[in-house]
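Let me begin by presenting the structure, written as structure tokens, before commenting on it.
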Amino acid sequence: MVNLADGGSLLVAGGELDPNLTRLIEIAQRQQVSVCDLRYGQEVSPRFSWHLTQEQPRVGDQNLSATGAFIRYDVFGNLKTKAGASKRALGWYQTLYGWLLSQSQIRLFNRHQLPAVGNKPAMLMLAQKLGLVIPDTWITNEAEELGKYPAGSAIAKPVAGGDFCYSLEQLHSSVEFRNGCAAMPAIVQNRLVAPEVRIYVVGNHAFAFEIRSQHL
């Protein structure tokens, strides 16, 4: 179920089988609190796209906005659909969590205690805000958006990590699209052009190293 309210609302995100979220929404509505319901079902995923030069992701035809949020990892998806449920839950959780972490104006439990460093979207947004140039990045599950890239020009990787980067051609051949949507979003970026230099800052010291690969 996806029901987006206007600004000034409480965003509730997670799986639609989560009874805690169902109860939270019931109480919020009883208190006349506007609710942005972003729970996803077992068979259908919402259309989601977020270009990192923009503050607001798009869900369906509407921009996502809220003043407060409550997000839970979907641990209930395995009850009915075991195959791939955990991977899908993690993908959606990291995607929405990354956006919430990057939006300091949205009230979020334990914001400053959460491990944002492990969230790729949040780190890309932080790098951009600090003046670093980041790759042109889409986070999307829409086949139409993926089709806008010329053949061989882009790669896709999981929002939650834990897997390799793949060409968009490999992604299209390995992922099932239902109603034009994959089950979960992926990070889509232009293919890197060598040389690739990575810099790590430890304390007051910066360390750089170059990655050399025949595949870059």
In deg cm²/dmol, rounded to the nearest 500, the helical mean residue ellipticity at 222 nm of the chain, built from -39500 (n - 2.57) for every DSSP H run of length 4 or more, is -7000 deg cm²/dmol
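Let me confirm the definition first: pairs of Lys residues in the chain, 8 or more apart or on different chains, C-alpha distance under 23 Å. How many are there? Provide the component values of the computation, followed by the final result.
Working: Lys82/Lys157; Lys87/Lys120; Lys87/Lys157; Lys120/Lys129; Lys120/Lys148; Lys120/Lys157; Lys129/Lys157; Lys148/Lys157.
So the count works out to 8.
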In order over the stretch 156-161: 3J(HN,Hα) from phi, Karplus 6.51/-1.76/1.60, θ = phi - 60°, whole Hz, x for each Gly or Pro, gives 10, 8, x, 4, 8, x
Sorted by chain and number, the residues with a modelled amide H under 5 Å from that of Asn141, at a separation of 5 or more or across chains, are Phe48, Ala186
With Cα springs under 10 Å, the Gaussian network model of the chain assigns the largest mean-square fluctuation among Ala151, Ala116, Ala160 to Ala151
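Using a Förster distance of 25 Å, how high is the FRET efficiency between Asn20 and Ser173, based on the Cβ-Cβ distance and rounded to 0.05? Mind dumping the intermediate values first?
Numbers: r = 38 Å, r/R0 = 1.52.
Here the calculated transfer efficiency is 0.05.
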Highest mean packing first, using Cβ neighbours within 10 angstrom, the peptides 142-148, 71-77 sort as 71-77, 142-148
Taking Cα atoms, the helix 85-102 axis meets the longest principal axis of the chain at an angle in degrees (rounded to 10) of 90 degrees
For Cys165, placing the label point 7 angstrom along Cα-to-beta-carbon and taking the stretch 44-58, residues whose amide nitrogen sits under 20 Å are 50-53
With Cα springs under 10 Å, the Gaussian network model of the chain assigns the largest mean-square fluctuation among Pro46, Pro185, Pro19 to Pro19
Per the stretch 2-129, sqrt(5λ) over the Cα gyration tensor eigenvalues, sorted largest first, in Å, gives 21, 19, 14
Cα-only Rg/Rh for the chain with Kirkwood Rh rounds to 0.98
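Order these by the 10 Å Cβ neighbour count, fewest first: Cys165, Cys36, Cys181.
Values: Cys165 15, Cys36 24, Cys181 19.
Neighbour counts put them in this order, fewest first: Cys165, Cys181, Cys36.
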Among Asp37, Asp136, Asp18, the residue with the largest mean-square fluctuation in a Gaussian network model of the chain built from Cα contacts under 10 Å is Asp136
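Read-outs throughout are calculated quantities, based only on the coordinates presented, and are distinct from any laboratory measurement. Predicted model only: the values in this text are computed from it and were never measured. Cβ sites come from the backbone with ideal geometry, for glycine too, and all protein chains shown count toward neighbours.
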